[in-house]
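**Q** Below you will find the structure I want to go over with you.
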Amino acid sequence: MSKIKKKVKVIKIDVDKCNGCKACEVICSAFHATPKYSSSNPARSRIRIIRDPLKDIFVPVYAGEYTPAECMGRDVYKMDGKEYEECAFCRAACPSRDIFKEPDSGLPLKCDMCEDDPPQEKPLCVQWCLNDALTYEEREEEVDEEEKVGDIEIGLESLINKYGLDKVKDTVARLGNK
Ligand code: SF4
Ligand code: SF4
């Protein structure tokens, strides 16, 4: 099987440096607004800050993969004496909660590393984080060519399973017309 080079983009999160300013949420939602930068709504952001200001705890969490079914187990984190909501730090757009879903369409949100048009050299949340809580690195990895195509197919299949082919087609057509 032939190998191709794949660029891997990494955002490192230093939780200790995050002060909960939410600048990352503001710029992410503005960049993904239609038209671009026309509005800013953290509910549309692909990064969310889980906050506990009284304990000075702010944890940036990035929107990851969509999952069509809730998982059987639950994660509960306890930090600095406080127990956080079930699944508080999970990255998945999942049927069990509203986070990482587009408020109007309900379609799942996923961090695209700001590759949307026009693609950004460095993720905007990193650029806007003045506390250096978010830092960016790139590296190259060799992957099987088939593996890369497979990623796209799995993503589409799970969207269609959840929302039905017609809704996904309508949403894609609507976005294409904007
Ligand atoms: S990398 Fe871009 S898309 Fe991802 S959370 Fe940051 S601003 Fe949003
Ligand atoms: S911009 Fe940086 S410091 Fe501000 S909330 Fe986001 S990650 Fe935290």
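The values are calculated or read from the model by the stated rules, or taken from the named source; none is laboratory data. Since we're looking at a predicted model, the values are computed, not measured. Cβ placement follows ideal geometry from the backbone for every residue including glycine, while neighbour counts extend to all protein chains displayed.
**Q** What's the total number of residues in the stretch 1-40 that are away from ligand 2 (no atom under 16 Å from the Cβ) and out of contact with any Asp or Glu (no Cβ under 7 Å at 6 or more places or on another chain)?
**A** 7
**Q** Another one. Restricting to the stretch 11-21, name every residue that is assigned to a loop (DSSP other than H, G, I, E, B) and surrounded by fewer than 20 Cβ atoms within 10 Å (Cβ to Cβ). Break it down into steps so the answer makes sense when it comes.
**A** Let us first name the residues in the stretch 11-21 that are assigned to a loop (DSSP other than H, G, I, E, B), namely 14, 18-21.
Residues satisfying the conditions are D14, N19, G20, C21.
**Q** Moving to a separate point now. Between a residue in the stretch 73-87 that is in contact (Cβ under 8 Å) with a residue 24 or more places away in the chain and any residue that is acidic (D, E) and loosely packed, with under 13 Cβ neighbours inside 10 Å, which pairs come within a Cβ distance under 7 Å, given they are 6 or more apart or on different chains?
**A** Once the first residue is in contact (Cβ under 8 Å) with a residue 24 or more places away in the chain and sits in the stretch 73-87, no partner that is acidic (D, E) and loosely packed, with under 13 Cβ neighbours inside 10 Å comes close enough.
**Q** If a residue has to be among the hydrophobic types (A, V, I, L, M, F, W, C) and in a strand (DSSP E or B) to count, how many in the stretch 46-86 make the cut? Steps first, please.
**A** We begin by selecting, within the stretch 46-86, every residue among the hydrophobic types (A, V, I, L, M, F, W, C); these are 47, 49-50, 54, 57-59, 61, 63, 69, 71-72, 76, 79.
Next cut, in a strand (DSSP E or B) only: 47, 49-50, 57-59, 61, 79.
Residues in the stretch 46-86 being among the hydrophobic types (A, V, I, L, M, F, W, C) and in a strand (DSSP E or B): 8 in total.
**Q** A further question follows. With the condition kept exactly as written, say whether any residue in the stretch 54-62 is buried (at least 17 other Cβ atoms within 10 Å of the Cβ), among the aromatic types (F, W, Y) and at pLDDT 90 or above.
**A** Looking through the stretch 54-62, at least one residue is buried (at least 17 other Cβ atoms within 10 Å of the Cβ), among the aromatic types (F, W, Y) and at pLDDT 90 or above.
**Q** Next up: Look through E65, E83, E70 and report the one residue that is under 23 Å from L124 (Cα atoms) and more than 16 Å from ligand 2 (Cβ to nearest atom). If you could, list the steps in order and put the result at the bottom.
**A** Details: E83 fails: under 23 Å from L124 (Cα atoms); E70 fails: under 23 Å from L124 (Cα atoms).
None of the other options fit; the residue is E65.
**Q** Still on this structure: In the stretch 46-58, which residue that is farther than 18 Å from P119 by Cβ and within 14 Å of the chain's Cα centre (by Cα) is nearest to ligand 2 (Cβ to nearest atom)?
**A** I49
**Q** Determine which single condition A69 fails, assuming it passes every other condition in (1) surrounded by fewer than 13 Cβ atoms within 10 Å (Cβ to Cβ); (2) under 23 Å from S39 (Cβ atoms); (3) at pLDDT 90 or above.
**A** So A69 meets the others, but not (2).
**Q** How many residues are touching a residue at least 40 places away in the same chain (Cβ under 8 Å) and more than 16 Å from ligand 2 (Cβ to nearest atom) if we restrict to the stretch 107-135?
**A** Selection size over the stretch 107-135: 6.
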